[in-house]
Every structure is written in C-alpha cells, then in structure tokens.
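The values are calculated or read from the model by the stated rules, or taken from the named source; none is laboratory data. Computed from a predicted structure; not experimentally measured. Note: ideal-geometry Cβ built from the backbone for every residue, glycine included; neighbour counts use all protein chains shown.
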Amino acid sequence: MKKLIYLLIAFGFVLTSCEPVEDIHGDIDATINNDVVANVDYTMVEEDYIGDERDGGLELETPFFASYEEAEQLIPSFLEMLYPAWGNTSTVNVTFDYSQPLNNEDITEYEVTDQDYEDLGLNFGNFDNTEDLFNYLEGEFSPIPGTLDAGDMIVLTYDWYSGGVSTKTVLFLYTGTSWEMYQVLEADDYFGMEQSFPNFNAVADALQRLPIYLKNEMFPYAEAGDEQNIAYEVHIGGGNTEYHIAGFYFDGTEWMLTSNDAIVTATIQFGHNGETWEPDNTIVHTLTSADFALIGDTFAEVEGFEDPAWSAGNYSNFDRREGNQNYWSNDMILQAINVVLNHNFPNAEEGQKYLVSYAIYDGAAGVEQMHVIKEGDAYVLVN
Amino acid sequence: MKKSYNWLLAAILLLVTTSTALAQITGTVVDASTQTPVPGVNVGVKATTIGTVTDFDGNFSLTIDEPGTLVISYVGFQTQEIELEGTTVDLGTIALEVSQVGLAEVQIIASVAVNRKTPVAVSTISAADIEAKLGNQEFPELLNTTPGVYATKAGGGYGDAELRLRGFNSENIAVMINGVPVNDMEGGRVYWSNWAGLSDVTRTMQVQRGLGASRVAVPSIGGTVNILTKTTDVEKGGSVFMNTGNDGYQKYGFTLSTGLDDSGFAATISASKTSGDGFVDGNWFEGYSYFVNISKEINKNHRLSLTAFGAPQEHGQRFEAEKIAVYRQSDRGIRFNRDFGYRNGEVYNASTNAYHKPQVSLNHFWNISEDMDLSTVVYGSLGTGGGRYLYGEDKTGIDNTEYRFGPLQPLNYDKIVQENIDRGALGAESIIIESRNDHTWFGALSTLSMDITEDIELIAGVDWRSYEGRHYQKVADLLGGSYWLDDDGNANNPNNVAQKGDKINYNNDGLVNWLGGFAQAEYSNDILSAFVNVALSNTGYKRIDYFRYLDTDPMRESDWVNFLGYSAKGGANYNINDQHNVFANVGYFEKAPFMNAVFLNNENIINENAENQKVVSAELGYGFRSQALSGTVNVYWTNWKDRTLTRSFPNPDGTRGFANILGINALHQGIELDFKYRASDALEITGMASVGDWRWQDDVTGVEIINEEGEVEDIIDIYIEDLKVGNAAQTSMALGANYEVLPDLRLRGNWNYFSDLYADFNPNDRTSPDSGQAWEVPAYGVVDTGLTYSFDFGGFDATLNGNVNNLFDTLYIADARDLDGTASGAGVWYGYGRTYTFGLKLNF
C-alpha cells in the first residue's frame, strides 16, 4: 500500500513537469504573422542616388534617375536596402528626381493679354514678381491645358515691371514640385551667334556657341557660381523648330553646361508583395462606420445578407465566426467592398488597386484586409 | 532539472524516522460537545520531541522513556495537559472542549454535516489547513483538493475567483456563513471579493456536495459551502502576523481576545490589511478585514453572541479573456491585461472593483428544556460598491495601437484624457463609469429542535429575508471631459448633461421578499441515521425603475410577483460496522427563477413564462474507515429542468452583451472518491479523484441579447443539445502529502490534476445547428508546496509559514471561452505562474 502511494506521488510529480500547453503554443506561434507592415512616404536625397552601395546608395553618377523607367527599375533594390525588415502589404510612396527629354508636343506658347492681367486682379498690366507668375500658371486662368503634370512647359510672353516695363519671353518648366525658368533666346541672339535664321541647325551648334555668347555678349560681368538657364530653338526641317533647354554654370572663367534635359520630380508608390517591392498604385482604405452603415443599408433586404448586414451596420465590423447567423464569408465581404468603393470612389480608373482594411469580430475584435483591383466595373481580388 | 527536483522531493518524502521505546501510553480523543472522535490531534510530551497524532478513531499510542506532562492540542480546541505518573498505560477517553465560545450555537443554525451520520458527500477544510495553505490563494481555491470542485482565479483580480461545484457555477452553489445565506438575492451569484479577507477568521469550511445538509431552502444544486467563522476565544490572548510574497504581496494583522470572564462575557476582535501589485498587470489590490465577536452567557439557558465582520477592498480587474496568440505576442506573456496602462506617469487600470459588505448577526441560543432548544439568528447586511470600467468610445481595443505605447503595450490614458479636454464643450468621448450594485438585506432564521425520543429529533424553523438591491451607473471619472451626455438613459431627463457622480444609463431597484419554513425529522443512533426534510419558500420580486419610466408612469413600480418553491429530501446513513458505512439521499426541489428571468430586458413587465427551476438529485455513497485509512466513494445524478441561465459575454463591438436563457435542461452525473492515509505518525497522504459527465440537454430558440443599456439588440437561437458543460474540469484528481520532517517542522506538497475542461460556450457563437463541441482545454497538473515551523521566540509561541504555489511554474490555461471549438479562437486566462508567500505569526 505504502509503495503504491509513493509511486503515485512520484508519478504525479513527473507527470506535472510536462508543459500542458506546449503543443498548442507551437501551433499558434506558427500562425502568428511576424511581418513588419508599414505605410510611409519617402523622398530620396542626393546621397541615395550617388552614395556607395554599402551606405545604402545606388552609386549613380547623377543625383537623379536617367529616366522614369530607370527609377522604377532601381527603387525596389533601394527600398530593399532602406527597409530590410518590412514585409507583405507594406507600401512606400517614393518621391524622386529623374531626367526627362523635352516633349515639344506638350509645349504651349502664349502671350498674356490685358484681359488676363485684369482677371488676375493685378493693378497694372504686368507682373512684378515670380510668385504671381507661378500662381497664374497653376491657377484657374492658367493657359496650360489640362491638369498640371511634371514635365509640362509653357513659353510665355508677358510684361514685366522692374523700374520700367519690358516684354519678356520665358520658358517655364514644371518639375512636379516647382517651376524652372529658361530665358528664351531672341532673334538677335541667334544672329549674334552667326546664325542665318532665328534658330540653330543642330543641338551641337548651340552647345558649342552658347557658352561663348554668354560670356562675351550676354553676361560679360558674370561671377563664379552664377547660373543661367537658356531655352533655344533648333530647326528640324520643313520650317519647323523645337525647343531645347540648357543649364549653365559659370566657374569663373567659362560657362559650363550642367544639363540639357528637364529634371523633374515624380512619386511612385511601391508595394511589398511578400517577396519584393514593386510599383503599385494601391490606395489604402479603411472602412469607416459610415461605410459599414452603407453596407448595412444596402444589404438589409438582400437575400442571405439580412442578418450579416444588420450585424455589420450595428457593430461596424464583419462577423467572421463561421456558422454564425451573422457570418460574412470572403465572397460576401468582396461584394460589400464593391459597394463601398463604387460609392466612395466613383471615378476610380481601370486597374486602380485598393488595400481595404476592415474591422472584424471573430470572438475578439480584429482587423483583416482585402487587396482588390478594378477590372471593368467591378473590383476583384488581386492575385 | 525539473525532473531531478521531483525525484528529490519524493526521496525526502520516503524518509521515515525511527525511535526507541520504554513504556506505552494509549487513549482516545473525542470532541466534548459531540462525543465524536477527533482525528489528527497532536499528542506529545512537554519539553521533548516525543509525540504522535490520533488516528481516524481518535486513538493514539505513544511510547515514552521517562515520566512527564502529556500535551494534547488541536486547532480550535482548548489544549489539555495530563500529568503522566508511574507506568500509566490507558488514559481512556479524553474529551477536548472547543476553544471558542458560541460555536455550538452557530453550528446548529449552520447545518454542519457529520461523517458517518449525515448522509451527504462532504469534505471539510480545517482552520489549521486554511491557515497553513492559503497564502495568497483565493478562498475557493483551497477547495480544489476536494472532489467535484473547480476553482480558478478567473481574470486574476483579488477576490475575483470563481468556484464551480459538480459543474455548476456560483449561482447554484449555496454559500452560507455561520448559517446565514449570502448568495445574491436577485441573481444568486456569490462575489468572493465581498469576503476576500474572511479567511483570517474562518474556523472551518465545509463543502457539502449535492443536496447538502442545509435545512433551509438554498440553491444547493451543485452543493453547499458552509463557512464557519471563529467566534470568541475562551482564553485571553492574541496574535499578530505578517506575510510577504510575490508581486509586492503584503499582509499583516492581529487578533485580541478578552477570554471568558466570570460574568460570562467574552470578546474577540481581529483585523488585517492585505495589499499588493498583483500577478496580472494592473491587478493591484488593497483589502482590509475586520471581525468582532462578543459573547455573553446570560444564564445557563440563554446565550447571546454578536458577530460583525466585513472586508472592504478595492482591486484592479482583468475583464477580457484574450486569445492565446495575444499572450504569445505580448512581452508581458500571461500577465497581459489590455486595460492596463499609465496615467499621469502612474500605473492605471480603468477596470476596477470596490466593495464593502459588512454583515452583523446576533445569535441567541435558548435552552428551553433538556429536550428542547431554540436557536435564532437575526442578521443585517449592507452592501455598497461596484465595478468601474472605461465607457463610451472604445479606445482600449487590442488592435487599437493608436492609444497604446506600441502594439500590445500599455494604454496611454493621457491621450484619452487629452482628447476629452480637446473636445471642450462637446463633452467627454470616453469616461470611467461605475456600475453600482448596492443592497440592504435583513433576515432572521430560527430553528426549534425537540428530542421526541432518544433517537428521534424534530426540527422546525422559519427563514425570513427582506432585500433591496439598488442598481445604477454613475460617472466615476470624466477623464478630462467637461461632461458626459447621457441622451437616452433617463426618460425623465432625456438630455442628461452628467457630471462626476451623476447617475446615467440605468437606475432601478430590485426588491425581494422571502419567507420560508421547514420541518425535519431525524432518526439517529450509532448504526442508522435517517432524515426527511420539507421546506417551503415564497419568493416575491418587485422592480422599480427610475430611469426607464416617467415619474408619472404607473409602470414605474411593478407589482409583486410571487413564486412558491418547495423542496423535499431524505436520506439515510447505515454504519455496517466500525469500518464500513453506506449512505444515500434523494431530493426534488423547485426554486424561483432569478429576478432577471422574471423582468426580462430590465422592463417592469412580468414575464408570464417565468417558471420555477426544477431539480431532481440522487446520490449513493460508501465510506471506509480504519486506523490508517479513511475514504469515501459516491455517485451522483442531478437533472435540472427549466434552468435559467444568465450569461454575459463580449459583443462584436467590444461592448458587453447579456442573455437570459430560459428553459434549459442539464444533466450532471459522476463519481467521486477521496481518501486520507496515515502512513506513519509523521506522514499523512491525502487524495481524491472525481469523474463527471455533464451535458446540456436541449436547444433553445428565441433568446434575446441585451446590450449594456439594457435594450434588446438581437434575437438568436442557441444550439447546445448534447454540448458538454464547460467552464469546469469534469475530471479532477489530487494527491497530497504532509510530512513532519523534524519535530515542529512540517513540509507539505500537493499535486492537483484537471482534465476534460471545456471552454465555456458563448451563446452568440452557438447560433448554427452544426456548432460542434466546445474546445477542450489541455489537461494540466499543478504542484503546490509549503512548510510550517513552530518555535519558541523569546517566550512567544511563533509559527513560520511559507507556501510556493505552482512550484514548477507550469504554464496552463485555467479558464477558456469558446469561439469555434479551436484553441486559436478561444479566449483564455492562464493560471498564475509560480507564486509564493512567507509569513510569521506570534501568539501571546
């Protein structure tokens, strides 16, 4: 009897040293998503373009990308270095600079009229500061057609007051965030550079002669560090010309060419797809209680949705307990999201993606997401 | 490492001491008042290390090598000293007098069950065990080593422990303190936090499983917990004690007794303070307890005893049972509490509870004649307090990192306050609300007992109770807001611009009038004892609602609704011989539905369908007793019809929902075993096993879900037919050893094992006929250990006591709420990790 009882005690103590919840913890730990998810904005700085790779730089030669395509190509590896820990569904809005050849089809030529000055509410028929000019170009009376995009240009002729009134013709280039102004050469300038017509025959001619002309004729008293932007026309045959631009920098003895393309700023959203970063137009939208109220109203009478619709409207979340009368399946949620997105973003373009976050209840409050893309008139899951 | 510890412990327990002998002393120790044998009494020779304890028949045998003084002592009894002269051999029967005045009187009212006489399954925890083992455990947890019991700390707050007996929760367990019922008169629940400090003054705690021995009508469906407090010490003296433990646990207190003087007057007073930070984050606590007993023997036939006790406390709570993944991801692990945070640079928890329920009772014992006595208690109790929590815009959500110092980090209450401040004249967006549940309760219990013949006793009595519960919510803290707008709570003030202290949301009274009578006939002699008992009770309910109805509305005050309940039970115990006895009992009772089943949805409309709950129960048992081994095996069968079940659970939006589920049937049956084995004078082994089969029997349709404001929010069907009853382990086992390693140094260890524990179903999740079984929580075992050392400390009789609970820091889930039958879906509370207390008591 004694032995049996001691044995029982020993058995009991040994049994107890097992961890009862070890297996369950193992299973649950395996399902915990440890991805770090973040949604941020990032603006690239000079070091990001030209810095060493070991410092997280791209080792480019210029502090901007050579093209938009190059930016799309190189930024994923840059983000990989910048945010190595971030995982699936993270998004970064990257703002960067790139060089963009002038597109002469986008150039508007316009001469400001007296009516324009009046519309702008200016006291005199001229401009006297650049701020007013920029506001004019961005505002409701802007002569630039359509919405303002990076790379848009206008050759504007206007009256300028600076002690006296003079007429100026300037090429304005929109970089996406700011304006760059290029002085447009006049006919006399071309003739001064021994051209027969008020244009150059080739870009090479222009780049060879402009530095000399700047030094000798236009700015004989230039000081080291001065910069000048020049816009000029090149004959492309058939009596047609196109505009080119060139930026110069005076090093104390000579004018040096710094660039002859437009450097514009753009922003691309990159999303993490679980493996890598890719350009992604996804807009993050979290369902609000107004959205849930809309869902509750829209589906209140829809067969099979009556109870779930009530629950979503009442609790501002989707009930995700399978078997429950208020249960929302994935298909049902997709239908609800279609209603909300079509209501909130009626003008969304084909191919627009939305990462929709919504509150759920599965015994406890939680958040789930659905990544959808607009195809035709409907939103479908992003594969 | 853990395993080697285990074996070391077992090896220590295997050690047996030996001694040499010259002369042998024998005797039998009995309780002077009942003449029943007292097992476990310490018998020793003064100023030596020679000693033993009595066996289950009260017998002892001691070998001594020289004459001296025999000291016979047992907690709760007056110590006796007997001079040993010459070669005395047999001391015969030694009668020990209880050390307390007025105890016998209380015992009559309290219906204490007696082994081999009262035909019920019973386990008794002695004052010595309570004092030694309690440590920082909750009161009900001490009962876990007895069959059929499942007690946990629930959310982990001080006094938030939950007790279940045979699978029934506290609404269905009668709890009596000194014979006075303490279950809430409206809802039947027992709030242990009301009694958190009572353990200091408890003399015994007896669990009567099943119908129990109570003569008055009580909700003993699962059973009865009969707590007897100390009364007044016969001897002058006192004690002081201090304890310390894990997580800042501190407790100190004292007891002083005048002793019984010649005029028959005696008084005892004791008080204590307990405080700590709590194992769970934000579950700090501060509790006090006081106890006064004054006894006066007017003359030989009349004795009066006045008892007053109370245990005001305030503590942080943890409401939410989180998913396992939450604890896994939190750096606080199983201590995680979503409501825990910081405010003004200090630890802050929006969820707290404070309550104070002083109870005063006056016992009168009248010995009318040799064959007749009348025992009466008049009592009154005043409860004030309630729970506080964050209300309004839900900002404490687990995914709501905006208000946390990072994901699953503590809450930033300053941000909530700042947002309220910024709202200015728009009023607060989130506040701390207090749900008050105050009550005034008066009652009287009177029992007349008559000996008709030597073997037959007739007992009859009355039980009157008058109760008024006051329920309301009030603004406890505006959290920086300028006011709280309660725009639909009070019909008499539809745009209630509430300031701190103003009542909001609801305000109503529940009145209960109870009148009961009972009669019992008992037959008892040494061989056979039997009883039949009938009890009748009328429960009257009335409801007054100050908010929901206009002051002019006659509906504001309901009529009285009366329910007549009755019970009939009988049983017999047959002592086959000195070793074997068998017993059986059977009973049927109907009890009034709880108040919230009568007034559904907190409206003053009487639910015509409210029915009495009906319970049939039967039990069969066998007892064995020898010098070294004693034990009981019993089987039970309890069928419950038209059960009203009130459940509270989180709604999908984080608010709380309530459901009154009417007309449920449940069947609870099982087998229980417990034993005590005295391996040697120094070593005692105890153990128990209990296996239950508890199931719901039917589905229920059209159940209304009520929101926090008391409005119907949803109507659902609940599919629970054949679902196992959860929330309590259906299988439990315990094995314990108490070993006197050295004289006055006792080591004890106990292993408790629980399995077949199912997650508690959430009515909201059982709305589909294909909902399967609830999630089965992994079985677990926990080892508790302790030591007690008594020594002389500068003339004081001192006791050093230490406890380590969950010695191996076993990680286990003690409470679970089901979602979809899976571990990942369930909301859980883990049991505490390793905890300890250590204390010193000085007697003078």
query = Of all residues in region B:336-350 being assigned to a strand (DSSP E or B) and touching a residue at least 60 places away in the same chain (Cβ under 8 Å), which is surrounded by the most Cβ atoms within 10 Å (Cβ to Cβ)?
reply = B:Asn349
request  = Could you tell me which residue of region B:368-385 is nearest to B:Thr453 (Cα to Cα), considering only residues that are buried (at least 16 other Cβ atoms within 10 Å of the Cβ) and among the polar types (S, T, N, Q)?
outcome  = B:Ser375
ask   = Within region B:319-359, which residues are touching a strand residue (DSSP E or B) at 6+ places or on another chain (Cβ under 8 Å), of a type in the set (Gly, Ala, Ser) and within 14 Å of another protein chain (Cβ to nearest Cβ)?
value = B:Ala321
inquiry  = Just to be sure I understand, how many residues within region B:145-158 are assigned to a loop (DSSP other than H, G, I, E, B) and either out of contact with any Asp or Glu (no Cβ under 9 Å at 6 or more places or on another chain) or surrounded by fewer than 24 Cβ atoms within 10 Å (Cβ to Cβ) (or both)?
reply    = 4
ask   = Of all the residues that make up region B:679-721, how many are at pLDDT below 90, in a strand (DSSP E or B) and among the charged types (D, E, K, R)?
value = 4
task = Using the structure shown, decide if B:Asp526 is surrounded by 16 or more Cβ atoms within 10 Å (Cβ to Cβ), among the charged types (D, E, K, R) and more than 31 Å from the chain's Cα centre (by Cα).
result = no
task = Tally the residues that are among the small types (Gly, Ala, Ser) and modelled with pLDDT of 95 or more, restricting the search to region B:309-332.
result = 1
inquiry  = I'd like to check something: does region A:331-350 contain any residue that is within 14 Å of chain B (Cβ to nearest Cβ) and of a type outside the set (D, E, K, R)?
reply    = no
remark   = Restricted to region B:762-781 and to residues being facing another protein chain (nearest Cβ under 9 Å) and in a strand (DSSP E or B), the residue farthest from B:Gln730 (Cα to Cα) is B:Gly781
key: Number of the condition not met by B:Asn353 [criteria: (1) under 30 Å from B:Met185 (Cα atoms); (2) in a loop (DSSP other than H, G, I, E, B)]   = (2)
request  = Just name the residue that is farthest from B:Thr638 (Cα to Cα) out of those in region B:227-275 that are part of a loop (DSSP other than H, G, I, E, B) and touching a helix residue (DSSP H, G or I) at 6+ places or on another chain (Cβ under 9 Å).
outcome  = B:Thr231
Pick from region B:735-761, criterion assigned to a strand (DSSP E or B) and among the small types (Gly, Ala, Ser), ranking: nearest to the other protein chains (Cβ to nearest Cβ) = B:Ala737
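Quick grid of which residues meet (1) at pLDDT below 80; (2) in contact with a Leu (Cβ under 6 Å, 6 or more places away or on another chain); (3) not in a loop (DSSP other than H, G, I, E, B):
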position	(1), (2), (3)
B:Val16	yes, no, no
B:Ser19	yes, no, no
B:Gly40	no, no, no
B:Thr52	no, yes, yes
B:Phe60	no, no, yes
B:Glu81	no, no, yes
request  = Please note which strands (runs of 3 or more DSSP E) are completely contained in region A:251-317 and include at least 2 residues that are more than 14 Å from chain B (Cβ to nearest Cβ), surrounded by fewer than 17 Cβ atoms within 10 Å (Cβ to Cβ) and in contact with a helix residue (DSSP H, G or I) (Cβ under 9 Å, 6 or more places away or on another chain).
outcome  = A:255-259, A:277-279
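Considering each of B:Thr822, B:Thr810, B:Thr799, B:Thr837 in turn, give the residue that is more than 10 Å from chain A (Cβ to nearest Cβ), over 24 Å from the mean Cα position of the chain (by Cα) and among the hydroxyl-bearing types (Ser, Thr, Tyr). Reasoning before the result, please.
Numbers: B:Thr822 fails: more than 10 Å from chain A (Cβ to nearest Cβ); B:Thr810 fails: more than 10 Å from chain A (Cβ to nearest Cβ); B:Thr837 fails: over 24 Å from the mean Cα position of the chain (by Cα).
Residue meeting the stated conditions: B:Thr799.
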remark   = Per the list (1) assigned to a strand (DSSP E or B); (2) more than 14 Å from chain A (Cβ to nearest Cβ); (3) out of contact with any Ser or Thr (no Cβ under 8 Å at 6 or more places or on another chain), residue check on B:Tyr622 breaks on (3)
request  = Considering each of B:Glu457, B:Glu434 in turn, give the residue that is surrounded by fewer than 19 Cβ atoms within 10 Å (Cβ to Cβ) and either of a type in the set (Phe, Trp, Tyr) or assigned to a strand (DSSP E or B) (or both).
outcome  = B:Glu457
ask   = Which one of B:Gly516, B:Gly443, B:Gly461, B:Gly489 is under 25 Å from B:Ser351 (Cα atoms) and not hydrophobic (A, V, I, L, M, F, W, C)?
value = B:Gly489
query = Which one is farthest from A:Ile268 (Cα to Cα), of the residues in region A:116-149 that are among the β-branched types (Val, Ile, Thr) and in a loop (DSSP other than H, G, I, E, B)?
reply = A:Ile144
ask   = Can you tell me which of B:Val360, B:Val326 is surrounded by fewer than 23 Cβ atoms within 10 Å (Cβ to Cβ), among the hydrophobic types (A, V, I, L, M, F, W, C) and under 18 Å from B:Phe279 (Cα atoms)?
value = B:Val326
task = Tell me which residues, restricted to region B:92-133, are in contact (Cβ under 8 Å) with a residue 40 or more places away in the chain, farther than 30 Å from B:Asp463 by Cα and acidic (Asp, Glu).
result = B:Glu97, B:Glu131
request  = Look at A:Gly163 and say whether it is closer than 23 Å to A:Glu186 by Cα and in a loop (DSSP other than H, G, I, E, B).
outcome  = yes
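Results for (1) within 14 Å of chain A (Cβ to nearest Cβ); (2) within 30 Å of B:Leu600 (Cβ to Cβ), shown as yes or no for each residue.
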| site | (1), (2) |
| --- | --- |
| B:Ile671 | no, no |
| B:Gln697 | no, yes |
| B:Ile705 | yes, yes |
| B:Glu711 | yes, yes |
| B:Ile715 | yes, yes |
| B:Ile720 | yes, yes |
| B:Met733 | yes, no |
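Return yes when A:Asn326 is farther than 22 Å from A:Gln269 by Cβ, surrounded by 15 or more Cβ atoms within 10 Å (Cβ to Cβ) and of a type outside the set (Val, Ile, Thr) and no when it is not.
For A:Asn326, the condition - farther than 22 Å from A:Gln269 by Cβ, surrounded by 15 or more Cβ atoms within 10 Å (Cβ to Cβ) and of a type outside the set (Val, Ile, Thr) - is met.
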task = Hey, could you check region B:112-144 for residues that are hydroxyl-bearing (Ser, Thr, Tyr) and within 14 Å of B:Arg209 (Cβ to Cβ) and say which is surrounded by the fewest Cβ atoms within 10 Å (Cβ to Cβ)?
result = B:Thr124
ask   = Of the residues that make up region B:723-731, is at least one farther than 30 Å from B:Val45 by Cα, under 27 Å from the mean Cα position of the chain (by Cα) and at the interface with chain A (Cβ under 9 Å from one of its Cβ atoms)?
value = no
ask   = (1) buried (at least 21 other Cβ atoms within 10 Å of the Cβ); (2) modelled with pLDDT under 90; (3) part of a strand (DSSP E or B): which one isn't true of B:Thr224, the others all being true?
value = (2)
